[in-house]
Amino acid sequence: MPRKARDERLDTRTARLKLEPRREPYWRNIQEGRAIGYRRIAGRAGTWIARHYDPAREQSRLFKALGTADDMLDADGISTLTFPQAQDKAAAWFVEVGRQGGRVAAPITVAMAIADYLEDYRARGGKGAAGVQQTAETHILPKLGDKLVADLSPGTLRAWHRSLAVAAPRVRSKPGMVATRKVDASDAEATRARRSTANRILTVLKAALNLAYRDGRAPNPDAWHRITPFRNVEAPRIRFLTDAEAVRLINAAEPSFRPLIVAALLTGARYGELTRMRAADFNPDAGTVHVRVTKTGKARHIMLTDEGVQFFRQQAAGKSVVSLLFRRADGEEWAKSDQHRPMRMSCQRAAISPPVGFHILRHTHASRLAMAGVPLSVIAAQLGNGETICAKHYAHLSPGYVADSIRAAFRPLGVVGESNVIPMTG
């Protein structure tokens, strides 16, 4: 067994914790062209990294993430390593690099990391792969795609993230064209929305880079771990229809589109969930409709009111169990974006301004439940969302618990005198 290298800076956790935190690892050469590094991270355990150098190859430097140093936890020899254990792991990788002619752990670009992430996402059954790919192609790859993951710096990533927050949002346009909408910088809601979008895009990039790191294709995650999302931007002002607006919208819709609007208002289901529903999914005895394929991948049963049962019974009448409940006027299935134009036309006819998207019907269903005092856990089960998400969107609409608790606990102070002044109304 070869002798282990010694380095008084790295041999013990006590010595390592005295080192100054920095992005550049503290390197210890093992032999010519081979080194092991320790990256000191403030407030957290450091990480071990191996480096292979061969000037004869085009990609002369290769890196391998070995694991976490035993700065905080005792080593297990697998993911948490002492300095000697890290050397053993590095030695095995050096052998593999030589056996494969240097093809192992070759530096990858952000574009390659995104491609690997999309492949992994689809393999895990992710339902939003198309959206993730579009996000990457629109917002990540144009600016960062050709950069090596190993060369990313916190400054570069922070500047990119901030630029997303001030970029004009894109709007739907003709194929091959790009259209944007000007944003008023003084509009607090518009600023919040852009920052929220920037955070979601950052999440996609971080997920891809973290996968590259876990696969040993990125030397360390420090550069992107230092980028923090914008705070307090994930609580949008939820738009929902009043009962009068909902009725007007239904009456203004085209006959073939009207059942989809009614179904969304009565169930809170997403457009895609409704367009996939079949007659067999409706259970009149239980008063439910079954959503088999959902955004989260978890099937659920939506509870129907008496009005909902009557509506779905009408839609399922005369149809075979495998027939779709909702079809277009020409008998074809509703496609992914077929709802946009008829929804906009319905809003115009119903004098709903500004026009709302189909997803607002889902918010309307949930908002009506919240305002009626239905517990958030029940609303979450109905929508197929997490209770935390429901609380963020609808907790302020629940009138009962908060108001009753405050009024019952806060006794009168006796500081407001009687008055014979009656305000005029109207």
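The values are calculated or read from the model by the stated rules, or taken from the named source; none is laboratory data. Since the model is a prediction, treat every value here as computed from it, not as a measurement. Cβ sites come from the backbone with ideal geometry, for glycine too, and all protein chains shown count toward neighbours. Areas reflect the complete protein model, heavy atoms only, side chains present, ligands, DNA and RNA absent. Shrake-Rupley method; radii C 1.70, N 1.55, O 1.52, S 1.80 Å.
For this structure, a couple of remarks:
- The single residue among 318, 384 that is at pLDDT below 90 and out of contact with any helix residue (DSSP H, G or I) (no Cβ under 8 Å at 6 or more places or on another chain) turns out to be 384.
- Any hit, segment 341-348, residues being under 17 Å from residue 260 (Cα atoms) and basic (Lys, Arg): yes
- Residue within segment 249-263 that is farther than 24 Å from residue 356 by Cβ, of a type in the set (Gly, Ala, Ser) and open to solvent by less than 40 Å² (accessible area, probe 1.4 Å) present: no
- All positions within segment 271-290 that are crowded, with 17+ Cβ neighbours inside 10 Å and among the hydrophobic types (A, V, I, L, M, F, W, C): 274, 277, 279, 282, 289
- Per this entry, residue 307 is counted among residues that are in contact (Cβ under 8 Å) with a residue 40 or more places away in the chain, of a type in the set (D, E, K, R) and under 21 Å from residue 241 (Cα atoms).
- Lone qualifier among 143, 147, 206 - being at pLDDT 90 or above and in contact with a strand residue (DSSP E or B) (Cβ under 7 Å, 6 or more places away or on another chain): 147
- Within segment 359-374, tally of residues that are surrounded by fewer than 21 Cβ atoms within 10 Å (Cβ to Cβ) and either small (Gly, Ala, Ser) or in a loop (DSSP other than H, G, I, E, B) (or both): 3
- Among the residues making up segment 230-247, a single one is closer than 26 Å to residue 276 by Cα, part of a helix (DSSP H, G or I) and open to solvent by 40 Å² or more (accessible area, probe 1.4 Å): 247.
- Residues located in segment 5-37, provided they are surrounded by 16 or more Cβ atoms within 10 Å (Cβ to Cβ) and of a type in the set (Lys, Arg): 13, 16, 28, 34
- Single residue of 34, 61, 39 found to be touching a residue at least 40 places away in the same chain (Cβ under 8 Å), of a type in the set (Lys, Arg) and farther than 19 Å from residue 5 by Cβ: 61
- Taken residue by residue, segment 333-345 has no member that is under 18 Å from residue 302 (Cα atoms), open to solvent by 70 Å² or more (accessible area, probe 1.4 Å), at pLDDT 75 or above and assigned to a helix (DSSP H, G or I).
- Lone unmet requirement of (1) within 28 Å of residue 122 (Cβ to Cβ); (2) not in a loop (DSSP other than H, G, I, E, B) for residue 295: (2)
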